[in-house]
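Asks: Can you read through this structure? Questions will come right after.
The values are calculated or read from the model by the stated rules, or taken from the named source; none is laboratory data. What you are looking at is a predicted structure, and each value in this text was computed from that prediction instead of being measured. Backbone-built Cβ (ideal geometry, glycine too); neighbour counts: all protein chains shown. All accessible areas refer to the heavy atoms of the entire protein, side chains included, with ligands and DNA or RNA removed. Shrake-Rupley method; radii C 1.70, N 1.55, O 1.52, S 1.80 Å.
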Amino acid sequence: MALLLRHSRKLRRVHVVLGCERGSVVRHFSSSASSSLVKEDTVSSSNLHAKYAKKVGGSSFSHDRQSGKELQIFKVSLQEARRSSTFTRASKHGMPIAVTGVHSLFSCGQVVSARYFSSGADLPPHQEIGMPSLSPTMTEGNIARWVKKEGDKVSPGEVLCEVETDKATVEMECMEEGYLAKIIHGDGAKEIKVGEIIAITVEEEEDIGKFKDYKAPSSAESAAPAESKPQSEPTEPKEEKEQPKAPEPKATKTEESFLSEDRTFSSPLARKLAEDNNVPLSSIKGTGPDGRILKADIEDYLASVAKGAKKETAGAPGLGYVDLPNTQIRKVTANRLLHSKQTIPHYYLTVDTRVDKLIKLRSELNPLQDTSGGKKISINDLVIKAAALALRKVPECNSSWMNDFIRQYHNVNINVAVQTEHGLFVPVIRDADKKGLATIADEVKQLAQRARDSSLKPEDYEGGTFTVSNLGGPFGIKQFCAIVNPPQSAILAIGSAEKRVVPGADGQIEVASFMSATLSCDHRVIDGAIGAEWMKAFKGYIENPTTMLL
């Protein structure tokens with residue numbers, strides 16, 4: 001109910017949603033805030049229609065019987081309902097606010113709040129903007145930067161700030177018109193929980209200054225005292241019980257020392273210093289008369305022990321290091337990969353594919369791309385196309401484990417791993433099996449650039465069914481095994497191409513280029529034979545790339 005009546009501009013349609021007896025909410029901005037229900041059944045419909053075209057048709061004064069305060073009443077027409085609602089605005093002298101024309105879903109004796117007011121009577125109506133959930137796995141986010149500043153006017157669709165989620169940096173748009181009164185979390189704010197207030201907006205520009213010293217309520221702060229109380233209560237008696245026990249071991253130690261050292265002579269000061277530093281008198285040779293242990297003997301012993309400790313410390317050289325804070329993307333990547341290795345039974349299949357024909361086809365297509373103004377086709381683009389067609393031929397690998405069943409997807413959406421200075425991103429090429437090489441090449445380069453600029457949107461990386469990771473071309477890695485990206489069941493790791501000497505026709509020796517490809521599979525979904533069948537189909541497309549054009 002409070003959400004429906006939260007903003008004054010929404011009152012124009014409130015009578016359409018709510019249909020009950022007319023009432024009004026009175027809000028006092030004086031030192032003693034109070035509210036009362038004012039009924040108004042005496043306004044005739046003819047008077048209301050007469051003032052239909054006017055925003056403020058007139059005013060009158062009435063008295064509240066309970067508080068005895070004077071209310072100034074303004075009649076404002078609601079165009080959709082063709083009947084007037086009455087409200088009272090607050091004056092500078094602490095005059096109450098009254099709102100009429102609000103219909104209640106409940107009984108006539110209940111009061112419905114027409115606007116959101118803070119607990120402090122000195123704050124005007126405002127809207128609290130919380131940290132949004134911009135991805136299914138997002139629990140907290142960071143503020144990259146604020147596009148709007150405090151005091152700026154905002155309109156629906158305008159970008160308020162850039163939020164760093166667990167997947168990318170996303171622009172947060174304004175939903176309603178108003179003014180940005182207060183920024184709670186500024187540029188670079190870290191680990192803000194979803195739903196936590198990050199800013200305040202108001203409708204009127206003159207209300208901005210009233211939020212200069214505003215502090216948002218924190219749920220963590222309110223929960224802290226409640227949690228500390230039960231913890232502090234049991235600790236107090238524990239300390240009381242431990243206190244009488246504390247002198248007991250000291251007493252026993254002194255008694256034991258006197259019994260064992262009854263024939264060791266020492267001065268009272270030396271004995272006190274030894275006891276304070278836990279030094280056994282039996283290990284010290286006294287220099288006083290008749291071997292008496294003096295204070296100087298204890299001090300010399302302590303100095304020698306300290307000197308030996310310094311030598312040991314100096315002998316172990318310290319390690320220099322720097323602690324680098326983890327970004328939100330790094331934290332989520334670490335958690336997901338750890339969960340994948342702990343819960344998914346991986347197995348790996350590796351094949352070496354001859355790529356001479358693939359390289360030749362690429363060299364024939366790129367001049368055509370240059371002529372048409374398109375992006376150049378890379379080996380990775382051809383790998384994505386071959387993997388997509390192999391998934392269409394072996395759909396069992398285009399699936400996910402869902403505990404009670406295996407979900408097999410009709411769409412072939414390929415995620416492409418892109419490494420950036422901000423972390424690892426996996427933008428998705430949707431329906432890659434149905435797209436041409438030129439389209440795939442163009443989308444991959446656009447998405448990779450967005451990933452480097454941290455401007456990916458959720459639709460750019462969500463919904464993938466298979467992943468391709470290539471460390472061969474950019475880094476020269478010969479072969480590696482990738483970790484399955486849940487909830488997918490397989491990921492393809494591509495190594496670099498290298499030349500090898502192979503036997504040719506008629507006993508001749510040839511030099512050929514081979515590329516290593518390793519498929520990581522979830523054994524719960526993909527059996528070994530199914531994975532091998534997919535690798536066979538993939539190798540066929542790579543070694544005979546013209547079949548991808550059919």
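Asks: Within the stretch 345-358, does at least one residue satisfy the condition of being modelled with pLDDT of 85 or more, open to solvent by 60 Å² or more (accessible area, probe 1.4 Å), assigned to a helix (DSSP H, G or I) and under 30 Å from Gly436 (Cα atoms)?
Replies: yes
Asks: Which count do you get for residues in the stretch 506-517 that are of a type in the set (Asp, Glu) and assigned to a helix (DSSP H, G or I)? Steps first, answer last, please.
Replies: As a first pass, look at the stretch 506-517 and keep what is of a type in the set (Asp, Glu): 506, 510.
With assigned to a helix (DSSP H, G or I) added as a condition, the list becomes 506.
Final tally of qualifying residues: 1.
Asks: Same structure, new question: Would you pick out the residues in the stretch 407-433 that are open to solvent by 80 Å² or more (accessible area, probe 1.4 Å) and either modelled with pLDDT of 95 or more or in the same structural domain as Thr169 (by the TED database) (or both)? If you could, list the steps in order and put the result at the bottom.
Replies: Step one: list which residues in the stretch 407-433 are open to solvent by 80 Å² or more (accessible area, probe 1.4 Å), which gives 407-408, 410, 419, 421, 430.
Arg407, Gln408, His410, Arg430, listed by residue number.
Asks: Does Arg450 fit the bill of being part of a helix (DSSP H, G or I), open to solvent by 60 Å² or more (accessible area, probe 1.4 Å) and assigned by the TED database to the domain that holds Val394? Working first, answer last.
Replies: Numbers: part of a helix (DSSP H, G or I): yes; open to solvent by 60 Å² or more (accessible area, probe 1.4 Å): yes; assigned by the TED database to the domain that holds Val394: yes.
Answer is yes for this residue.
Asks: From Gly186, Gly209, Gly157, Gly195, which residue is without any contact (Cβ under 8 Å) to a residue 60 or more places away in the chain, more than 27 Å from Val428 (Cα to Cα) and assigned by the TED database to the domain that holds Ser133? Break it down stepwise before answering.
Replies: Working: Gly209 fails: assigned by the TED database to the domain that holds Ser133; Gly157 fails: more than 27 Å from Val428 (Cα to Cα); Gly195 fails: without any contact (Cβ under 8 Å) to a residue 60 or more places away in the chain.
Step by step, each of Gly186, Gly209, Gly157, Gly195 is checked, and only Gly186 is without any contact (Cβ under 8 Å) to a residue 60 or more places away in the chain, more than 27 Å from Val428 (Cα to Cα) and assigned by the TED database to the domain that holds Ser133.
Asks: Follow-up. If we scan the stretch 518-527, do we find a residue that is outside any loop (DSSP other than H, G, I, E, B), surrounded by fewer than 16 Cβ atoms within 10 Å (Cβ to Cβ), hydrophobic (A, V, I, L, M, F, W, C) and in the same structural domain as Pro486 (by the TED database)? Steps first, answer last, please.
Replies: Narrowing the stretch 518-527 to residues outside any loop (DSSP other than H, G, I, E, B): 518-522.
After this cut, where a residue has to be surrounded by fewer than 16 Cβ atoms within 10 Å (Cβ to Cβ) as well, the list is none.
No, the conditions are met nowhere in the stretch 518-527.
Asks: Please state which of the following conditions Met175 fails to meet, knowing it meets all the rest: (1) within 17 Å of the chain's Cα centre (by Cα); (2) part of a loop (DSSP other than H, G, I, E, B).
Replies: (1)
Asks: Working only within the stretch 131-154, note down all residues that are surrounded by fewer than 16 Cβ atoms within 10 Å (Cβ to Cβ), among the small types (Gly, Ala, Ser) and either outside any loop (DSSP other than H, G, I, E, B) or touching a residue at least 60 places away in the same chain (Cβ under 8 Å) (or both).
Replies: The answer is Ser133, and nothing else.
Asks: Could I ask something else about it? Which residue pairs have Cβ atoms closer than 6 Å, lie 6 or more positions apart in sequence or on different chains, and pair a first residue in the stretch 276-301 that is within 12 Å of Phe265 (Cβ to Cβ) with a second residue that is loosely packed, with under 13 Cβ neighbours inside 10 Å and of a type in the set (Ser, Thr, Tyr)?
Replies: Asp297/Thr287
Asks: How many residues does the stretch 360-375 contain that are within 19 Å of Ser496 (Cβ to Cβ) and surrounded by fewer than 15 Cβ atoms within 10 Å (Cβ to Cβ)?
Replies: So the count comes out to 2.
Asks: Follow-up. Exactly one condition in (1) surrounded by fewer than 18 Cβ atoms within 10 Å (Cβ to Cβ); (2) under 30 Å from Ser372 (Cα atoms); (3) touching a residue at least 24 places away in the same chain (Cβ under 8 Å) is not met by Ala532; state its number.
Replies: Looking at each condition in turn, Ala532 falls short on (2).
Asks: Sticking with this structure for a sec: Out of all the residues in the stretch 399-406, is one or more outside any loop (DSSP other than H, G, I, E, B), within 25 Å of the chain's Cα centre (by Cα) and either under 27 Å from Thr343 (Cβ atoms) or without any contact (Cβ under 8 Å) to a residue 24 or more places away in the chain (or both)?
Replies: As a first pass, look at the stretch 399-406 and keep what is outside any loop (DSSP other than H, G, I, E, B): 399-401, 406.
Next cut, within 25 Å of the chain's Cα centre (by Cα) only: 400.
Checking which are either under 27 Å from Thr343 (Cβ atoms) or without any contact (Cβ under 8 Å) to a residue 24 or more places away in the chain (or both) leaves us with 400.
Within the stretch 399-406, one or more residues are outside any loop (DSSP other than H, G, I, E, B), within 25 Å of the chain's Cα centre (by Cα) and either under 27 Å from Thr343 (Cβ atoms) or without any contact (Cβ under 8 Å) to a residue 24 or more places away in the chain (or both).
Asks: Taking into account only those residues within the stretch 499-513 that are closer than 24 Å to Ser378 by Cβ and out of contact with any helix residue (DSSP H, G or I) (no Cβ under 9 Å at 6 or more places or on another chain), which is least open to solvent (accessible area, probe 1.4 Å)?
Replies: Taking the stretch 499-513 first, the residues closer than 24 Å to Ser378 by Cβ are 499-500, 511-513.
Subset that is out of contact with any helix residue (DSSP H, G or I) (no Cβ under 9 Å at 6 or more places or on another chain): 499-500, 511.
Working: Lys499: 152, Arg500: 75, Val511: 98 Å².
Only one residue fits best here, namely Arg500.
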